[in-house]
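Step one of this worksheet: look at the structure below.
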Amino acid sequence: MGRLVMKFGGTSVANIERIRNVAQHVKREVDAGHDVAVVVSAMSGKTNELVGWATEASPLHDAREYDAIVASGELITAGLLAIVLQSLGIQARSWQGWQIPILTDDAHASARITGIDGAELLKRFKERKEVAVIAGFQGIHQPTGRITTLGRGGSDTSAVAIAAAIHADRCDIYTDVDGVYTTDPRVVPKARRLEKVAFEEMLEMASQGAKVLQVRSVELGMVHNVPVFVRSSFDKPEDIDPHGTPPGTLICSEEEIMESQVVTGIAFSRDEAQISVRQIEDKPGVAASIFVPLADASINVDMIVQNVSEDGKTTDLTFTVPASEYTRAKDTITKAKDKIGYKAMDSATDVAKVSVIGIGMRSHAGVAAQAFKALSERNINIRAITTSEIKFSLLIDAAYTELAVRTLHTLYGLDQA
């Protein structure tokens, strides 16, 4: 017997038929003797509908009321799943975020979890073998008592946090794919599913464009050492042995991976924009004059490249921001022009970021050099480069994204045999 958290996303609970399928997955684990907590998202498309209603009511709406509206989607799913489980003879009840409680800060629409009291869940496991069906994506801010939401993908974060709070053996993330792949199979048909991925690698993959898991959920798993298993909810529940290892990908500590490849995966993101600030006086504080206003505007800056002119008197600074923040970032820099003292500003939105990730890169030299050579042979120009211990990222023209990903995927031996 063990203790599991099972998380089901929107496509897995899209209608009553799919919710009945989810209930069968839960029943399988309950019948195997496990204590089970289930975290659910809103039914597919429901959150977008709720956001649309809030925006239609008023484009400039109170963030606290926005949270009250969008948090309702998960409540519906949790109640429906609890009803279906009860009809199967399983003790179950639904829980809203505030009832557990899941405590958060007051950053509405993007709140961070500050604590979870899992005592009542553990008590009910012991006394009633009761399945907890928990509305994901939401919590409560104390002392205001207002409902908060965790941002898009927040149900993943809820699930991992609850797994840590109740000392679960594993957190299973059920989704519409059967694991984490070396890259997007829609771009590279030869991409293969990974059996195990280290937390650090998954953190990089998620932050660099892979959509399988939310970044904060991976951070929580790493901090609390909660193994996270990504698996498909579309596998037939009756075909899965609850005591075996079904198809999927285990996100775990590096120590659990016996032999790692040099490169684990290739991530990419087309959600990028490039801004270049030209001919700034090269003196202390110039970078701060650019990036402090961006930080104050809560605009996340990613890649940064600085080039000093031949005479050493001026410098150019190039950086990237999310495409959704492109206009705000340009406006922020324009407003700070007098303080920065730049002569010109160039920008582009037709760019993409391709990232090569792998813990094996720590002990292998020349990994990035191979990529530079392979891309040059394909006439793909590199606009900017950033590196870390287990990753390097390249900024290229968006038109070459798929060619670059396929080239690098083959270069590092990630294609299926």
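Where is the GNM fluctuation largest for the chain (alpha-carbon springs, 10 angstrom cutoff): Asp172, Asp106, Asp282?
Asp282
Just for the chain, what percent of DSSP beta bridges are antiparallel, to the closest 5?
Of the beta bridges lying entirely in the chain, close to 60 percent run antiparallel.
With an 8 Å Cα cut-off and a minimum separation of 6 or more residues, compute the relative contact order for the range 61-186 in percent.
26 percent
For a quick check, take a GNM of the chain with Cα springs below 10 Å and name the residue from Gly136, Gly358, Gly285 with the largest mean-square fluctuation.
The residue with the greatest mean-square fluctuation here is Gly285.
Can you check what the net charge comes to around Gln142, using other residues whose Cβ is under 13 Å from the Cβ of Gln142 (Lys, Arg +1; Asp, Glu -1)?
Around Gln142, the charge tally is -2.
Is it possible to state the helix-based mean residue ellipticity at 222 nm for the chain, with each DSSP H run of 4+ residues giving -39500 (n - 2.57), the sum divided by total residues, to the nearest 500 deg cm²/dmol? What is it?
-10000 deg cm²/dmol
When all protein chains stay in place, what accessible area (Å², nearest 10, 1.4 Å probe) is found for Ile16?
Accessible area of Ile16: about 70 Å².
Remind me, relative contact order of the range 325-417 in percent, using alpha carbon pairs under 8 angstrom and six or more residues apart?
Answer for the range 325-417 is 31 percent.
Tally Lys and Arg at +1 and Asp and Glu at -1 over the other residues with C-beta under 12 Å from the C-beta of Ala348: what net charge comes out?
So the surrounding residues net to -2.
On a 1.4 Å probe surface of the protein chains, which of His243, His364, His409 comes out largest in accessible area, and what is the full order?
Order by accessible area, largest first: His243, His364, His409.
Please compute the alpha carbon radius of gyration of the range 1-48, then divide it by the globular-protein estimate 2.2 N^0.38 Å. Two decimals is fine.
1.21
Please state the charge dipole magnitude for the range 132-217, taken about the Cα centre, from unit charges on C-beta atoms (+1 on K and R, -1 on D and E), reported in debye and rounded to the nearest 20.
220 debye
Express the relative contact order of the chain as a whole percentage, based on alpha carbon pairs under 8 Å and six or more residues apart in sequence.
Relative contact order, the chain: 14 percent.
So what is log10(I(q)/I(0)) for the range 75-216 at q = 0.09, 0.11 1/Å, when the Debye sum runs over its Cα atoms only?
-0.34, -0.50
Quick one: P(r) of the range 6-83 from all Cα-Cα pairs, 10 Å bins, percents rounded to integers, in order of increasing distance.
Using 10 Å bins, I get a P(r) of 18, 42, 25, 12, 3 for the range 6-83.
Could you grab the Rg to Rh ratio for the range 274-414? Cα atoms only, Kirkwood for Rh.
Rounded to two decimals, Rg/Rh equals 1.01.
Quick one: among Thr264, Thr175, Thr407, which has the greatest mean-square fluctuation in a GNM of the chain with alpha-carbon springs under 10 angstrom?
Thr407
Just checking my list (i) 4, 17, 25, 22, 14, 9, 5, 2, 1, 0; (ii) 6, 26, 36, 24, 8, 1, 0; (iii) 4, 20, 27, 25, 16, 6, 2, 0 against P(r) over Cα pairs in 10 Å bins from 0, in percent computed from this structure; which label fits?
Correct label, based on the coordinates given: (iii).
If you find the alpha carbon centre of the range 149-182 and of the range 65-85, how far apart are they in angstrom?
The two parts, judged by their Cα centres, are 17 Å apart.
What is the Cα centroid distance between the range 312-376 and the range 210-280, reported in whole angstrom?
Between the Cα centres of the range 312-376 and the range 210-280 lies a distance of 25 Å.
The values are calculated or read from the model by the stated rules, or taken from the named source; none is laboratory data. Small disclaimer: the values here were computed from a predicted structure and weren't measured. Neighbour counts are summed over all protein chains in view; Cβ atoms, including those assigned to glycine, are modelled from backbone coordinates with ideal geometry. The protein model used for the area step is the full one, side chains on, heavy atoms only, and it has no ligands, DNA or RNA in it. Shrake-Rupley method; radii C 1.70, N 1.55, O 1.52, S 1.80 Å.
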